[in-house]
1. Could you grab me the full set of residues in region 518-539 that are under 30 Å from Gly618 (Cα atoms), modelled with pLDDT of 95 or more and among the charged types (D, E, K, R)?
2. Of the residues Gly646, Gly656, which is open to solvent by 30 Å² or more (accessible area, probe 1.4 Å), of a type outside the set (A, V, I, L, M, F, W, C) and more than 12 Å from Ser214 (Cα to Cα)?
3. Of a type outside the set (D, E, K, R), in a loop (DSSP other than H, G, I, E, B), open to solvent by less than 40 Å² (accessible area, probe 1.4 Å) and without any contact (Cβ under 8 Å) to a residue 60 or more places away in the chain: does that describe Gly477?
4. Pick from region 607-621 the residues that are surrounded by 18 or more Cβ atoms within 10 Å (Cβ to Cβ) and of a type outside the set (Ser, Thr, Tyr): which of them is nearest to Glu657 (Cα to Cα)?
5. Residues in region 408-438 that are open to solvent by less than 20 Å² (accessible area, probe 1.4 Å), closer than 21 Å to Arg375 by Cα and in a helix (DSSP H, G or I): how many?
6. Which helices (runs of 4 or more DSSP H) sit wholly inside region 1-105 and have at least 2 residues that are closer than 29 Å to Leu525 by Cα and at pLDDT 95 or above?
7. Give region 299-313 a look and list any residue that's surrounded by 18 or more Cβ atoms within 10 Å (Cβ to Cβ) and not small (Gly, Ala, Ser), or say none.
8. Considering only residues that are open to solvent by less than 80 Å² (accessible area, probe 1.4 Å) and free of Cβ contacts under 8 Å to residues at least 40 places away in the same chain, look in region 382-407 and name the one that is nearest to Glu343 (Cα to Cα).
Amino acid sequence: MTYKFLRSSAAALIASGSLAPVALAQTATELPPIEAREGSADAGATGERGSGVSVPRADIETGLASTADPLMLISRQPGVEVQSNGGIASLPILRGLADDRVGVLIDGQAITGYCPNHMNSATSYINAARVERIVVTPTLSPVSLGGDNIAGIISVESRAPEFSAGGIEYSGEVATRYRSVSNGVGASLQASLIGERFSLRYDAGWNKADNYKSGSGDEVRSSLFESYEHTLLLAAQPAEDVLLWVRLGRQGVPYEGFPNQRMDLTDNTSDSVQLHAEGPAGPGKLVAEAAWRQVDHEMNFLSDKGGTPTGGMPMITKGEDVSAKLSYDLETGAAGRVRLGAEVFQASMYDYWPAVAGSLMMSPLDYININDGERNRTALWAEWEANPAPHWSTLLGLRQERVEMDTGDVQPYSYMAMNMADAAAATAFNAQDRAREDDNLDVTAKAVWTPGKNTMIEFGAAQKTRSPNLYERYAWGRGSMTSSMTNFTGDGAGYVGDINLEPEVARSLAATLDWTDGADNGRALKVSAWASKVDDYIDADQIGVLMAGFPMLQFANHDAELFGFEAAGALPLAVTQTGALRLTGSLAWTRGENTGTGDNLYNIVPLKGLLALENRKGVWTQALEVELVGEKDEVNALRHELVTPGYGLLHLRAGGELGPFRIEAAVENLLDHEYDLPLGGIAFGDYKYGGRVGPFHQVAGPGRSFNLSVAYAF
């Protein structure tokens, strides 16, 4: 009853509000940053020290000149990779584990991917210009941050509510951006009105880009996009330790091409409401949250893939997320700190493909792919942080989560001979009991030793569990065309679900040495090593062959192992009249294998490094960067993954402030080098635009781009 009420209340708020799209759109405000004590076990988890990474607003502003995709803002961090998708819908990879295996939170809230190609990834629902901070917590993430993942947590946060010291104040910022490689343009607006007890903030953002060009000068087909966002944050502080806020949002993507998929996004509209309350309760602090999101998603073909306004193959997905969280944080003196929590997350989906008039294959019935699919999670968790000895802190967390899934009967386009494979598959699917329940246990145990104020050693172990998503369990079509419509990886294959999939269980070990010399912008070194063994890893088995030789695969449980290391460091070189010169660098390497078949895991990035020579003087910074990526030759045979050559790129960056103006400029791929993206997938857009002739090739990386961002604060 509670969630029915929340749904109807949230829908009424949206319906009565003025949140329809306008020329400038979308932006979303995030939860307040996770607080952590320096040197504590959860300080490492939140990215202040230890294995985590925290990307602050200053670094985000530098990145905004070059991308509209929030995930790209952290793609330069060691251990963090980005799987190519759409222009604003890249998929995350943490230490070799991709997509749904990574827990992604937008202002503390998980978001379901309501698309058989995962075109509406969680980070596509926040405009990059609205991001205040991104915290990456790999492998040893605390259970309090969330479950249903095996890789760790990426938390994307917008600015917390602000209040004045006295009286009423207003402020804001307008910004515009340009990227030459795609003729990309963007604009954003933020305006705030605050008092001692109230806070009002409106954010809007808009981005648009054409197909980008590779180093050869050729267009990378189906890489164009347009997006917008609006959010309104209303907050109140009725007492010193009490905070209440509500955020209303509308996000839209009128179109977005996908270079490595058969389909494109032709509309994605989402309305959302988020509620938050926190304050003292007895000796501790109580936080309560609730959220609602509705998604209307459509796919078809854009012009590069032969799309027309009324033809093609329409595919429609309607989804709804409803969630609630309750947590209690208690300081217990010498015993340490205890956190307790409970969460509910309900996801429902209806995915159907309307019949196409005049088509023998795609009529006379609507193809029902997921019929009122439900994926509901209920969790209880407890966490204990302690300081058992001088210079030591520990964190132990347990999380028990139940995942309940079910879906209704399905149907093919027809039961005639042309659709016989799908007709037989639908009949078999409908005859099965499709309800499934998983009981998942997560454990995180880690310790931090700080022998001195400049050195931290973090080590620990974790067990994390993820249940299959709705498509992995319930995508049922076995026709050559229908199976190829389910694909999260851009590999050209078609995928069929398996109702009997087991949850993935990852057991991991990780350790990090974090050292600095204690000086601002001084010497620093961070080295991490990790290993994960994943039982029932959801890979695939081949069950057929599609057109052009692509495999038809069925999701299947296997066992897998992954291991790797990351290193990052900084070294001051000189201080002169022109500024402070500093060398920074990072290096990351990952290896992953299906231990049952001996095959390499798909989309494992090769050895990758980044070197930067930075010069800082006052508020101005300049940098020359060298990006080096090794050859990707350990490829996945099952999916016919392509080998990609190694490459090196040069980038120039500069930025600073002039009064109320902030300017960021960059020249990326300075030498206009032609290269393939190791995680780019098959260039299906190029293949279809070229008339389906010639061998397949990998999606090419962007050529030289002149980027500029100008913001004015008032």
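The values are calculated or read from the model by the stated rules, or taken from the named source; none is laboratory data. Treat the numbers as computed from the prediction; the structure is a model and nothing was measured. Ideal geometry is used to build each Cβ from the backbone, glycine not excepted, and the neighbour counts take in all protein chains shown. When the accessible area is computed, the model is the full protein with side chains, heavy atoms only, and any ligands, DNA or RNA have been set aside. Shrake-Rupley method; radii C 1.70, N 1.55, O 1.52, S 1.80 Å.
1. Arg523, Lys526
2. The unique qualifying residue is Gly646.
3. Here the answer is no, as Gly477 does not meet what is asked.
4. Taking the candidates together, the pick is Asn615.
5. Going through region 408-438 one residue at a time, the tally reaches 2.
6. Correct list: 57-64.
7. Correct list: Met299, Asn300, Phe301, Leu302, Asp304, Lys305, Met313.
8. Top of the filtered list is Glu404.
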